[in-house]
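Input: a single structure, listed below in C-alpha cells.
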Amino acid sequence: MKGEKRLLIHHHTLYTYGREVFLNPQKILLSPSNRRHFHVHSIETEIFPTPLGSNQRLDMEGNLFQQIWFGEPTNRFEINVHLDLTVSSLNPFEFIISKDFEKLGPNGELTFHYSDEQKQFLWPFLNHTDSPQINGLAKNIKQGSNGIVTYLVELTAHLHGMCDYIVRENPGIWPPEKTLSERQGSCRDLAWLLINMLRGEGIASRFVSGYAYNPELEENHELHAWVEAFCPGAGWIGLDPSIGLLTDAYYIPLATSYLPQLTMPVVGTYSGNFSSHLKSYVEIKAL
C-alpha cells in the first residue's frame, strides 16, 4: 500500500533494587492499542525474572495490559519489548463531526454540546479545576475560530508556539498552571495543559502515552505523550501540543486515560524497604 513504512521498536525497562525484594503483581501497559493506521506483525516480551504466571487483560478504559506475578525474590526487574509493525498513510482530517455538537450562542459564541448519554460516559474526561488564566487563554483562542476543527487546530498550534518543548527526566507531571507560567514543559506537561484547556471549554479529552516516530531522527526516540479530544461522529481526535499538529500515522498509542498516571507503562509495587532505580530507553528503526 502506498505510504506504508515498516517499523521495529525496542523498548527496554530496567528496575534495580538496593537488595533483593519480592515483586507484587505488575501491570504492563506496553501493547499497542487498536488503530486502523497500523498493523502489528509481531510483539515479543522478555521479562526477568521469569514470571510465575502471566495473563492478558483489559483495564476499565479498554487498554490491553499484561498482568504478571512472581514467586522468587530478585534484585532487578527487566522488561524488553520487541515490536514489529507497519504503518499506513493517514489523513488526520478524514472525519465528519456531528452537526449537533457545535452551536453558536446568541452572541455568536461557539459552544459544544454532548447528549445526556454521552455526558454520563464522558464525565471523567470533562472533569477539571477551573483556572482563570487557563480558561481565559482557551476562550481567547476560541473567539477567532469558526468551528470545532478550526479551534482544535488553532489551540494546539498556539500552545506549541507559546510553550517550548523540553526533555524533563524528573518523574511526574507539572500542574497546568506551572507549565503555562514557565512557558515550557515536557510532552506530558504540555499534554496535561492542553487537556485542561479543552475540558474548560466543555470538550472531553484524554491523555495518551505511546510511541511517536520522527523520520528526521536517527536515535533517541522516547515514550511520548499527546492528547485525544472526543467529538461526536468523529470519535477521538489526536492532538500533539509538542509539535502543534494533529497526530498522524507515526503515532502508536499504548494507553489512554482521563488521568495521566493511569497510562504508566509499568504499574506495581514491591515488598521490601529498599531503594529502587529506573532506566529505560526506546529505539525505533525504519526498514
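The values are calculated or read from the model by the stated rules, or taken from the named source; none is laboratory data. All of these numbers come straight from a predicted model, not from anything done at the bench. Every residue, glycine among them, receives a Cβ derived from its backbone with ideal geometry; neighbour counts consider all protein chains shown. Only protein heavy atoms, including side chains, enter the accessible area calculation; ligands, DNA and RNA are left aside. Shrake-Rupley method; radii C 1.70, N 1.55, O 1.52, S 1.80 Å.
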Would you call LYS279 farther than 30 Å from ASP100 by Cα, part of a strand (DSSP E or B) and open to solvent by 20 Å² or more (accessible area, probe 1.4 Å)? yes
Can you tell which of TYR151, TYR114 is in a loop (DSSP other than H, G, I, E, B) and either within 23 Å of the chain's Cα centre (by Cα) or touching a residue at least 40 places away in the same chain (Cβ under 8 Å) (or both)? TYR114
Looking at PHE230, is it part of a loop (DSSP other than H, G, I, E, B), touching a residue at least 40 places away in the same chain (Cβ under 8 Å) and either among the aromatic types (Phe, Trp, Tyr) or open to solvent by less than 10 Å² (accessible area, probe 1.4 Å) (or both)? no
Could you list all residues from the stretch 36-48 that are assigned to a loop (DSSP other than H, G, I, E, B) and surrounded by fewer than 16 Cβ atoms within 10 Å (Cβ to Cβ)? ARG36
Mind listing just one residue for me: the one in the stretch 234-250 that is assigned to a strand (DSSP E or B) and among the aliphatic types (A, V, I, L, M) and, of those, most open to solvent (accessible area, probe 1.4 Å)? LEU245
All positions within the stretch 84-98 that are open to solvent by less than 30 Å² (accessible area, probe 1.4 Å) and among the polar types (S, T, N, Q): THR86, SER88
Can you name the number of the only condition in (1) within 18 Å of ILE148 (Cβ to Cβ); (2) open to solvent by less than 60 Å² (accessible area, probe 1.4 Å) that PRO253 fails? (1)
Selection from the stretch 155-185 of residues buried (at least 16 other Cβ atoms within 10 Å of the Cβ) and in a helix (DSSP H, G or I) yields LEU155, THR156, ALA157, HIS158, LEU159, HIS160, PRO176, THR179, LEU180
In the stretch 21-35, what residues are open to solvent by 30 Å² or more (accessible area, probe 1.4 Å) and touching a residue at least 40 places away in the same chain (Cβ under 8 Å)? PHE22, ASN24, PRO25, LYS27, ARG35
Applying the selection to the stretch 99-114, what residues are loosely packed, with under 14 Cβ neighbours inside 10 Å and either closer than 30 Å to ILE47 by Cβ or of a type in the set (Ser, Thr, Tyr) (or both)? THR111
Counting only residues that are touching a residue at least 40 places away in the same chain (Cβ under 8 Å) and more than 18 Å from the chain's Cα centre (by Cα), how many does the stretch 57-71 have? 4
Could you check SER54 against (1) without any contact (Cβ under 8 Å) to a residue 24 or more places away in the chain; (2) in a loop (DSSP other than H, G, I, E, B); (3) over 30 Å from PHE112 (Cα atoms) and say which number it fails? (2)
